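Just below is one structure, and these are the notes that go with it.
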Amino acid sequence: MSRTWAIMGTGTIATAFAEAILAEGGTIAAVGSGSPERARAFAERFGIEHAHGTHHEVLSHDDVEVVYVATTNERHHLDVQACVAAGVAVLNEKPFALDRDHAASVLDVARQRGVFVAEAMWMRVQPGFLALHEQLAAGAIGKPRLVQADFGIVAEPDVSRRWFAREQGGGALLDVGIYPLTFAISVLGPPTRIRALGELASTGVDAQLAVAMTHRDGLSSWSCSFVADSGVEATVAGETGSLRLGGPFHHGSDLTRRQRDRVVETVEVVDADLGYRHEVREVHRCLDAGLTESPALCHADTLAALDAMDRIREQVGVSYG
Ligand SMILES: NC(=O)c1ccc[n+]([C@@H]2O[C@H](COP(=O)([O-])OP(=O)(O)OC[C@H]3O[C@@H](n4cnc5c(N)ncnc54)[C@H](OP(=O)(O)O)[C@@H]3O)[C@@H](O)[C@H]2O)c1
């Protein structure tokens with residue numbers, strides 16, 4: 001069923017997601033921004049009827065069924081809290097909150113009130129990621145024992161923008177490190193021990209990190225960076241081979257199975273080019289089914305990643321307090 005959305009935020013990802021909603025036959029009834037001009041420009045671009053100069057005003061429309069929160073990191077939990085208080089379903093950008101405790105308290109209230117809430121960890125509904133997990137479940141490489149992944153991009157050096165802004169929850173970990181971390185958790189479960197090393201930017205947030213983790217039955221090592229342009233690849237090694245997802249791993253279609261140093265299979269991945277549309281479909285599917293939690297974008301995994309990121313920031317000396 002087609003759904004009526006509202007969007008909080010007018011930045012890069014709000015723009016990409018608005019296109020995905022419309023491509024999936026959804027309607028966008030309202031947009032909220034900290035700036036009336038930005039809200040108006042966004043509304044005009046996408047034919048949205050209501051443009052608001054505050055984010056939470058989008059909740060004043062009775063026809064809004066689901067809100068997409070695409071504001072900066074430090075606001076996420078407050079924006080979701082407002083949606084839950086209004087009884088409106090919400091898809092909240094990653095990271096769900098700056099730390100585990102804030103996320104847990106919002107999710108508790110959502111559960112009590114029976115409101116659908118999901119973190120927009122779009123990697124989890126991408127065909128490449130799902131194909132890799134199908135291969136693992138079918139035993140294609142035996143028992144997975146080791147995960148390696150990297151996510152390095154060179155962020156704009158402008159320290160006034162969100163990437164390096166401590167007051168906006170900046171840093172490579174919350175922005176891109178969350179992907180290899182979530183990938184490792186999806187294969188091996190939550191980490192049992194974590195060792196992190198980091199380089200900090202002049203603003204006090206993490207510019208890059210190297211992280212090693214133990215899991216109940218395996219190891220992962222991964223890195224994230226705002227100062228190095230890495231290949232953004234992920235490999236799962238098992239007892240009889242490995243699976244490598246590249247190009248980039250969080251929404252790529254380049255999935256190969258290897259034995260020793262040879263590619264033995266190129267796994268077909270279809271519809272990998274639909275981007276955020278998979279996430280829109282997942283939300284529509286959950287709402288149609290009357291679910292309050294998406295099995296793919298589940299709360300336990302959101303909390304496990306946030307818990308690990310709290311511990312990593314403590315080890316490398318980054319704090320948002
Ligand atoms: N899932 C993904 O693939 C993905 C990708 C990128 C980012 N994200 C997440 O989405 C969130 C937003 O990221 P983003 O990349 O969209 O950030 P962004 O482009 O920097 O936008 C963030 C906010 O900055 C404000 N803004 C936009 N253009 C501006 C301008 N010209 N001057 C001043 N302020 C401006 C807007 O505030 P107003 O709301 O007040 O208008 C906007 O909501 C982050 O939490 C990030 O982690 C997710």
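With all pairs of different alpha carbon atoms counted, what Kirkwood hydrodynamic radius in Å does the stretch 215-321 show?
Details: mean 1/r = 0.0582 Å⁻¹.
Taking every pair of different Cα atoms in the stretch 215-321, averaging 1/r and inverting gives 17.2 Å.
What's the exposure ranking of HIS215, HIS55, going from fewest to most Cβ atoms within 10 Å?
On the way: HIS215 20, HIS55 25.
Exposure proxy ranking, most exposed first: HIS215, HIS55.
Do the sum for the chain: with -39,500 (n - 2.57) for every DSSP H run of n ≥ 4, divided by all residues, what is the mean residue ellipticity at 222 nm, to the nearest 500 deg cm²/dmol?
Helices in the chain give a 222 nm mean residue ellipticity of -9500 deg cm²/dmol.
For the chain, with only Lys/Arg (+1) and Asp/Glu (-1) charged at the beta-carbon, what is the dipole magnitude about the Cα centre, in debye rounded to 20?
With only Lys, Arg, Asp and Glu charged at Cβ, the dipole is about 780 debye.
If you average 1/r across every pair of different Cα atoms in the stretch 129-212 and take the reciprocal, what Kirkwood value do you get, in Å?
Numbers: mean 1/r = 0.0688 Å⁻¹.
Hydrodynamic radius (Kirkwood, Cα pairs) of the stretch 129-212 is 14.5 Å.
Quick check: from the Cα gyration tensor, does the stretch 91-237 come out rounded (a/c under 1.5), prolate or oblate? Before the final figure, lay out the partial values.
Values: a/c = 1.80, a/b = 1.16, b/c = 1.55.
Note, shape of the stretch 91-237 comes out oblate.
Which listed residue (VAL106, ALA51, ALA304) has the Cα farthest towards the positive end of the charge dipole for the chain, taking +1 on Lys and Arg C-beta and -1 on Asp and Glu C-beta about the Cα centre?
ALA304
How would you rank CYS298, CYS224, going from fewest to most other Cβ atoms within 10 Å of each one's own Cβ? Write out the running numbers ahead of the final one.
Values: CYS298 15, CYS224 31.
Going from least to most buried by this count: CYS298, CYS224.
So what is log10(I(q)/I(0)) for the chain at q = 0.15 1/Å, when the Debye sum runs over its Cα atoms only?
Log10 of I(q)/I(0), two decimals: -1.26.
Along the positive direction of the dipole of the stretch 124-275 (beta-carbon charges: Lys, Arg +1; Asp, Glu -1; about the Cα centre), which of ILE194, LEU245, PHE226 reaches farthest?
ILE194
Which of THR235, THR192 comes first, and how do the rest follow, when ranked by fewest Cβ neighbours within 10 Å?
Working: THR235 17, THR192 11.
With the sparsest Cβ surroundings first, the list reads THR192, THR235.
Once you compute Rg and the Kirkwood Rh from C-alpha atoms, what is the Rg to Rh ratio for the stretch 4-120? Please report the intermediate quantities before stating the final value.
On the way: Rg = 13.1 Å, Rh = 13.8 Å.
On the Cα set of the stretch 4-120, Rg over Rh gives 0.95.
Pull out the extension gain between ASP158 and ALA16, defined as 0.36 nm times the separation in residues minus the alpha carbon to alpha carbon distance; nm, one decimal.
Working: separation 142, 0.36 × 142 = 51.12 nm, distance 2.25 nm.
Length gained, ASP158 through ALA16: 48.9 nm.
Give me the distance between the Cα centres of the stretch 164-196 and the stretch 276-293, rounded to whole Å.
Result: 25 Å between the Cα centres.
For the stretch 4-120, what is the charge dipole size about the Cα centre, in debye to the nearest 20, if Lys and Arg each add +1 at the Cβ and Asp and Glu each add -1 at the Cβ?
Values: 8 positive and 16 negative charges, 28 e Å.
Value, rounded to 20: 140 debye.
In whole Å, how far is the Cα centre of the stretch 77-124 from that of the stretch 259-273?
35
Put +1 on the Cβ of each Lys and Arg and -1 on the Cβ of each Asp and Glu in the chain; which of GLN315, ALA140, GLY177 then has its Cα farthest toward the positive end of the dipole?
ALA140
Values in this text are rule-based calculations from the coordinates and carry no lab data. All values derive from a computational prediction rather than experimental measurement. Cβ atoms come from the backbone with ideal geometry, glycine included; neighbour counts cover every protein chain shown.
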